[in-house]
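What follows is a short report on a single structure.
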Amino acid sequence: MEIAINHDSCINCGRCIKICPSEIFEFTEDKKAVVVARRIKNCIVCGHCVGVCPTNSITHSSFPAEKVHKIDFSQIPTAEQMMMLCKARRSNRAFSDKEVPQEFLDTIIEAGHRAPTASNLQQVRFTLVTDPEKIKLISDYTLSVFAPLIKALDSLWGKIFVKPFAKSLYRYIPVFKKMKRENAKGNDMILRGAKAVIIIHASKVTKFGCQDCNLAYQNASLMAECLGVSQFYGGFVCSAIKQDKQNRLNKILGIKTEIHAVMALGMPQFKFVNYIDKKDAIITKL
């Protein structure tokens, strides 16, 4: 890895010094020049220095010219447009029979990939599932994980010893019983007939893998909304994964890293025409 500064064009603004998380840059003692002062191996390859330099005076071997692009700020949505997107985004489970265009799926994944990651490790991985049989396997797997738990909770001993201390769990028992009945009829109530599923996963040795994956999910979710693709968070699937100590879904899909987020996608039967106010935000000011 190589980092260099073109002192003929550098205006010594110090932006690279302020922005570098590894503190690689510093001023000379006389404040007349910016230099690469720290060991380059401390660099986390985030590209902040190249991205912030107003005169393109910093060259970084990890970011050749073809990887550096000018930002067109006119293309960035206004605060009002961004807020409207956040207000409009819904978990729409009413999917149509239409396939999600591959270019839409590619763009959604690209948006997820653009999300920040801790220490810029970029260890987030995406598995795109569009095979109907494999999507059904995900739903079947989810129900199979919860079946023994529901049976135990619904037993006499469960009602005597568990229910008094975990009443909230018992509201899911009729839900899962219905899901199981409908699944036997060919009605998928886990993924709701999704035409695509994006599984977001990261290495187990990545300390912030869960956070990184869910940041990626949020980016992808908002992009899906922009494209008119309906989607919802596969919470039941994620809960089943946490319960399953044998990691069976990983084996079914050939995923060798840890799954942290699941997105079910499809083209909508219809769009929501109204947004609803949420409860007032709970804000503590210190």
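Report the residues of region 169-196 in range of a label on Lys163: point 7 Å along Cα→C-beta, backbone N strictly under 13 Å from it.
Correct set: 169-174.
Under 23 Å from the Cα of Lys87, which lysines turn up, not counting those fewer than eight places away in the same chain?
Correct list for Lys87: Lys271, Lys278, Lys279.
At q = 0.14 Å⁻¹, what log₁₀ I(q)/I(0) does region 74-114 have when each alpha carbon counts as one equal point scatterer in the Debye sum?
For region 74-114 at q = 0.14 Å⁻¹, log10 I(q)/I(0) is -0.51.
Separation of region 42-56 and region 213-258 by C-alpha centroid, Å?
The distance from the Cα centre of region 42-56 to that of region 213-258 comes to 32 Å.
Can you give me the relative contact order of the chain as a percent, contacts being Cα pairs under 8 Å and 6 or more apart?
Taking the mean separation of contacting Cα pairs over the length of the chain, I get 22 percent.
What fraction, in whole percent, of alpha-carbon pairs in the chain exceed 23 Å separation?
Counting every Cα pair in the chain, those more than 23 Å apart make up 66 percent.
Could you tell me the calculated FRET efficiency between Ser9 and Glu110, based on Cβ-Cβ distance and R0 = 35 angstrom, to the nearest 0.05?
0.65
Could you give the angle, 0 to 90 degrees to the nearest 10, between helix 132-153's Cα long axis and the longest principal axis of the Cα atoms of the chain?
60
What do you get for the angle between helix 102-113 and the principal long axis of the chain? Use alpha-carbon atoms, 0 to 90 degrees, nearest ten.
That works out to roughly 60 degrees.
None of the figures in this text is laboratory data; all of them are computed from the coordinates on show. Just so it is clear, the structure is predicted and the values come from calculations on it, not from any experiment. FYI the Cβ positions are ideal-geometry reconstructions off the backbone, even for glycines, and counts take in every protein chain you see.
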